[in-house]
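*Asks:* Take this structure first; my questions come after.
The values are calculated or read from the model by the stated rules, or taken from the named source; none is laboratory data. Just so you know, these numbers come straight off a predicted model, no measurement behind them. Just so you know, the surface numbers come from the protein's heavy atoms only, side chains and all, with ligands and any DNA or RNA stripped out. Shrake-Rupley method; radii C 1.70, N 1.55, O 1.52, S 1.80 Å.
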Amino acid sequence: MIKSVIFDLDGVLVSTDELHYNAWKKLADELGITEFTKEDNEKQRGVSRMESLEVVLSKGNKEYSEEEKIALADRKNNYYIEMLESIDESVILGGATETLKMLRERGIKVGVGSASKNTPMILAKTGLEKYIDKVSCGLDTTKSKPDPEVFVIAAQKLETPHEECLVVEDSAAGIVAAKAAGMKSLGVGPYYETLKADYEARTLKAVDDWNIVLDV
Ligand code: B16
Ligand code: MG
């Protein structure tokens, strides 16, 4: 039986992907990269900030040093944080709050396992933090998904054996990471049918039977 559920953040509990896109687009425009599109933004789903920067730079033809790349990623993050200042509960995805409340009522622990270093700010701004027991995010990790590190740290904090953890993810890299950690997975989001998760649903609201997913 599942004792802890570990949620990815962006694309699962909240929809901040549009803000990420706008911040990267602003940086791309400043660098004279006009080819960066929403389609490229899909490749940034669930991947780290530095890997996301590479997606943007691959659309231009200039080489940057490591130092310059760090400065560019910082610049984008400042734009993103500025945008995060004005978010509220309206960015919470359908069914997320209800699902977190339902898990609480069932006595199941709730964790977050996200690549984002801005996780604490997003959880505070949306008010979701009151439903979360433990957070593992980009501030805790040295490796990004598909490495299982972020979920392994979440399970440690939740004090739950891996086989009793369920990971909820919207990215293929996240599902690979969950499997590598020996955890069950639920794939959601626009690509849920292609993620190869143990269970799948378009959104958290669309999960048919939580008893099956939670192995009750
Ligand atoms: P930050 P998740 C991921 O969040 C985003 O999907 C991805 O687009 C972003 O690059 C990554 O966080 C890092 O975010 O720049 O805020 O540290 O899906 O893992 O919750
Ligand atoms: Mg995600």
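*Asks:* Separation of the range 1-61 and the range 67-94 by C-alpha centroid, Å?
*Replies:* Here the two parts' Cα centres lie 10 Å apart.
*Asks:* Can I ask one more? Could you check what % of the DSSP bridge pairs in the chain are antiparallel, to the nearest 5?
*Replies:* Around 5 percent of the beta bridges assigned by DSSP in the chain are antiparallel ones.
*Asks:* Still on this model: Given a 1.4 angstrom probe, what's the average accessible area per residue across the range 25-162, in square angstrom?
*Replies:* 52 Å²
*Asks:* Leaving ligands and nucleic acids out of the surface, order THR142, THR203, THR126 by accessible area at 1.4 Å, largest first.
*Replies:* From most exposed to least exposed: THR142, THR203, THR126.
*Asks:* Looking at the chain, do any whole DSSP H helices span at least 27 angstrom along their long axis by alpha carbon and average 1.6 or above on Kyte-Doolittle, and which?
*Replies:* none
*Asks:* Here's another thing I want to ask about it. Calculated from DSSP H runs of 4 or more alone, at -39500 (n - 2.57) each and per residue, what is the 222 nm mean residue ellipticity of the chain, nearest 500?
*Replies:* The helix-only estimate for the chain comes to -12000 deg cm²/dmol at 222 nm.
*Asks:* Which links in LYS69/LYS117; LYS26/LYS179; LYS26/LYS205 stretch past 24 Å when you go from one Cα to the other?
*Replies:* From LYS69/LYS117; LYS26/LYS179; LYS26/LYS205, over 24 Å: LYS26/LYS179; LYS26/LYS205.
*Asks:* From the cross-link list LYS43/LYS101; LYS38/LYS134; LYS125/LYS157; LYS76/LYS157; LYS76/LYS184; LYS109/LYS143, which pairs have alpha carbons spaced over 26 Å apart?
*Replies:* Listed pairs above 26 Å: LYS43/LYS101; LYS38/LYS134; LYS76/LYS157; LYS76/LYS184.
*Asks:* Moving to a separate point now. Keeping all protein chains in the complex and leaving out DNA, RNA and ligands, what accessible area do you get for GLU200 with a 1.4 Å probe, in Å² to the nearest 10?
*Replies:* About 100 Å², ignoring ligands and nucleic acids.
*Asks:* Something else about it: Give me the extension gain from GLU163 to GLU89: residue separation times 0.36 nm, minus the current Cα-Cα distance, reported in nm with one decimal.
*Replies:* 23.4 nm
*Asks:* Still on this structure: Whenever you get a sec, line up ARG45, ARG75 from highest to lowest accessible area (probe 1.4 Å, protein heavy atoms).
*Replies:* Listed by decreasing accessible area, they come as ARG75, ARG45.
*Asks:* Take VAL168, VAL207 and sort them by solvent-accessible surface of the protein heavy atoms, 1.4 Å probe, largest at the top.
*Replies:* VAL207, VAL168
*Asks:* OK, next. Given a 1.4 Å probe and the protein chains all in place, what does the accessible area of SER144 round to, in Å² to the nearest 10?
*Replies:* 40 Å²
*Asks:* How big is the range 70-113 on each of its three principal axes, counting only the C-alpha atoms and giving the largest first in Å?
*Replies:* The principal-axis extents, from largest down, are 45, 22, 13 Å.
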